[in-house]
Every structure is written in C-alpha cells, then in structure tokens.
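The structure appears below as structure tokens.
Bear in mind that the values in this text are calculations on the coordinates, not laboratory data. All values reported here derive from a predicted model rather than from experimental measurement. For neighbour counting, all protein chains shown are included, and Cβ atoms are generated from backbone atoms with ideal geometry for every residue, glycine included.
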Ligand SMILES: NC(=O)c1ccc[n+]([C@@H]2O[C@H](COP(=O)([O-])OP(=O)(O)OC[C@H]3O[C@@H](n4cnc5c(N)ncnc54)[C@H](OP(=O)(O)O)[C@@H]3O)[C@@H](O)[C@H]2O)c1
C-alpha cells in the first residue's frame, strides 16, 4: 500500500460530520478500497467548541479555511462550507494554487464559477471533484462523466430538490395548500426557515447548470437558467392534473434544440404512468437521454449528511486511486461557449387554468385569443365554481382548465396577457408546462 492520502476538511456541519462518521464506520476497509490509507489530518469550522457527535481527537483544528487549504501537510482540500463566493471560493482557489486536489459539494460555487475553477485546477495539475454537488447521494456526475462518454446526450432532466418534491407529494396526498404544507415541512426539518432558495427553484437551477455542462460539454452558465418555483401551485392544479393523467413535479430540464440549449426549472406536468411521476417525498431523480444508450434514470436520496458524504467519499477514493479526470469530463479548452435557446421559443404542451367570470361572451373571447396566437386546444374542461376567488356580487367565477397541443411559450404568454387584459378572468391565469417523456 502506498502513502497515506491526507485530507484537510473545511466545514463540519451536516455533510462534513457525515463524512467523518462515514470514515469512522468504514474503518480499515476504506484503505482497501482506496488502495491506500485515507485520513483527515486537520479540520476547520467557525466554532471550535461546538459538539458535533464525532471524534476529533488527534485532528488539528485550523481556524482559517484558507490556511487549511494551503497547509503543507494535506493532499486534498475538502470544502464543505458552502456559498457561491467568500471564504469557500477563496479557499478552493488557494488550494489549487498550492497544488492540492479539491473535493466539494458546493453547487452554488460551481454553478457560478465552475468553468473558471476547473481551468485553475487544470493549470495547477490537480482535480476538482464534485459528486455531492448534484443530487446528493445519486452518483450522477460519475455516470455522465465516465459511464456515458460514448453518447451524445440530447436531454438531461430530473427532480433535483427534495424539499419541493416533499411539499408537492404532501399537497397531492392530503389535498392541502402550499402554505400549510410548507409550514409543516419547516417544523419537521424538511424545509429551511428561509425556504426561498429551495421552493423558488434556485437550488434546482444550480444543480441543473452543472448537469448541463457535464452533459453538453458547455461552460457553466447559471444565469441562463430560466427559473420558476412551486409557490403558485394550488390544490386545484394538482386535482386537475390528476384528472388529466398527470402529476406535478418541479423539474430541472436541459435540452439541446436547433437554436441552442434550453435550461429551465419550473413546475411540470409529467404523465402519471412514467417512472419520474412515481418519485415521491424527499427523493431525487435524474434522467439522461443518450443516443446509443437510450434513456437512463437514477433515483435516490438527493440530500442529507449520509448520502452526500457517500458522494464526497467516492470523489476522495478516486483521487486516492490516482483516477484524475477533467472536472467536467473534457478539458476546459474543449468546453464550448454556452449558446442559449430563448425561453419564449420553447415548444411544448401547456396546462392553463383560468378563473372565468360567468358572463355571456367570456368563453368566446378566450377562445378567440387562443386562436389568434395559433394555439390549438387538446381539451377544455369547466370545473367547479371558485367561491373563494374574488366574488363581487355576481355568480362566482368558474375554473376552466385547458390543455394545449404543441405550441410555443411566446404564443401562450401573449394569449394569456390578452385574456387577462380583456377582464373576463378573476385572477392571474395559471400556466404549467407539460413535458414529453
Ligand atoms: N446538507 C445537505 O444535505 C447537502 C447536500 C448536498 C450538498 N450540500 C452542500 O454541502 C455544503 C455544506 O453543506 P452543509 O449542509 O453541511 O452546511 P452546514 O451544516 O451549514 O455546515 C457548514 C459548515 O461550514 C462551517 N463554516 C461556515 N463558515 C465558515 C467559515 N467562515 N470558516 C470556517 N468554517 C465555516 C460551519 O462551521 P460551524 O459548524 O462552526 O458553524 C459548518 O461546520 C454546501 O455547499 C451545501 O450546498 C449539502
């Protein structure tokens, strides 16, 4: 067995302490799998005295993560602090300049700076591994970077945020409102006190930006991701989706089109008879469409100390074995500039729910607006009256649900603006994209 691989671990929170527990649990078998002993020699955190339920005796504490990153004793800097800039970024850059390999689970950092950090790693002859940054415990980086290298990938998509999936699952099972379920998810620790990042779709967008680069060989481009969260989904949408044969999931989708790459995160109707529709609760799932392999789908735990530590450990073992790959599978000089397909050019089917005043001519006017934009309707259903939706003396508005045939985002948006302007609807129209699977 060769020399020990010495780790400097910055961040001993949920994932960092999970990693320490994993190393303790594996014991000697870790050296056998890695081909050499692997040891954490120093750690960094904000609070030295915090009880963490892990044995840190014999491990040096280094107050400053940047000092740890450049510590002469370490071979690998494991960054588990988090954040797209600040100390995490500075420490990772310092580690590269000092010739250390870096392992991180920091999706925010890589979504914003993935290509430039990969270039810095290359320049210094070291690697940047980030399996834990995309879908936690699901080994999807390895699958795309190694297992599917023989394929042209046309689409990669998935359920990439457990909090959103948990909320949507509970709303569907129990017929409860978004606000009500969110409150419960926060009380049970499935949602943060400030849940914006998860429910607004931004966490999904970070992961999608990394999947896009891995799948299409393009430079990471987080600000090109179109993002919509799940805040506007109502029990009425979930019920209507069910009647139409769909379930609603927050998907991240990256797709090659003739005009460029679409990267979008939004609530999506998926047919009930597909595998992704069955992914419930906090589980994640990533699907990859390759030309030779066909469709591949991975399902598993997308977050948590244990699952993410499992991913981080696989990155560390690769380094111990000397398996050093370009971070995004190809060298940065071969990564193509990102060419964005405009969201308004997106083509697909749409679910539209309108709260329509019960007035003569209202339906005809709505149909006319859709026709003007060349939208053909696959089905239209008048649902029960919406008693809660802004009654002003007259009969309550009625929920009308339409499903369109294939059309463009631009056409749908223009039609809905015109419908709202005509004044026949009591609330902002709801629109949910349908994904062909
Ligand atoms: N949690 C998950 O399920 C999960 C899943 C996938 C990826 N990730 C990613 O993994 C990373 C870590 O997440 P986490 O959930 O483990 O975070 P966390 O529980 O908040 O832990 C963060 C750790 O970083 C330390 N830290 C913060 N600022 C520091 C500073 N300036 N100097 C030194 N140490 C500092 C904290 O120290 P103290 O403990 O002393 O406060 C803490 O130990 C993030 O990038 C996250 O996106 C997390």
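Assorted remarks:
- Residues 44, 57, 314, 355 arranged by fewest to most Cβ contacts within 10 Å: 57, 314, 355, 44
- Top of 58, 83, 201 by mean-square fluctuation, Gaussian network on the chain, Cα under 10 Å: 58
- Taking 436, 107, 142 and counting other C-beta atoms within 10 Å, the order from fewest to most: 436, 142, 107
- The range 346-434 - percent relative contact order, Cα under 8 Å, separation 6 or more: 50
- Value of relative contact order over the range 5-133, rounded to a whole percent, pairs C-alpha under 8 Å and six or more apart: 24
- Scaled radius of gyration (Cα, divided by 2.2 N^0.38 Å) that the chain gives: 1.09
- The DSSP beta bridges internal to the chain are antiparallel in roughly 70% of cases.
- Principal-axis analysis of the Cα atoms of the chain puts helix 362-372 at an angle of about 60° to the longest axis.
- Ellipticity at 222 nm from helices only: DSSP H runs of n ≥ 4 in the chain, each -39500 (n - 2.57), divided by the residue count, give -10000 deg cm²/dmol.
- Nearest 10 degrees, 0 to 90: helix 409-422 Cα axis against the chain principal axis: 50
- Once the Cα atoms are used to define both axes, helix 305-320 deviates from the longest principal axis of the chain by about 50 degrees.
- Residue exposure proxy: 68, 148, 244, ordered by other Cβ atoms within 10 angstrom of their Cβ from fewest to most, comes out as 244, 148, 68.
- GNM top mover of 399, 311, 135 - the chain, alpha-carbon springs below 10 Å: 399
- Percent RCO, i.e. relative contact order, over the chain, from Cα pairs under 8 Å lying at least 6 residues apart: 16
- Choice from 219, 369, 359 showing the highest fluctuation, given a GNM over the chain with Cα pairs closer than 10 Å: 359
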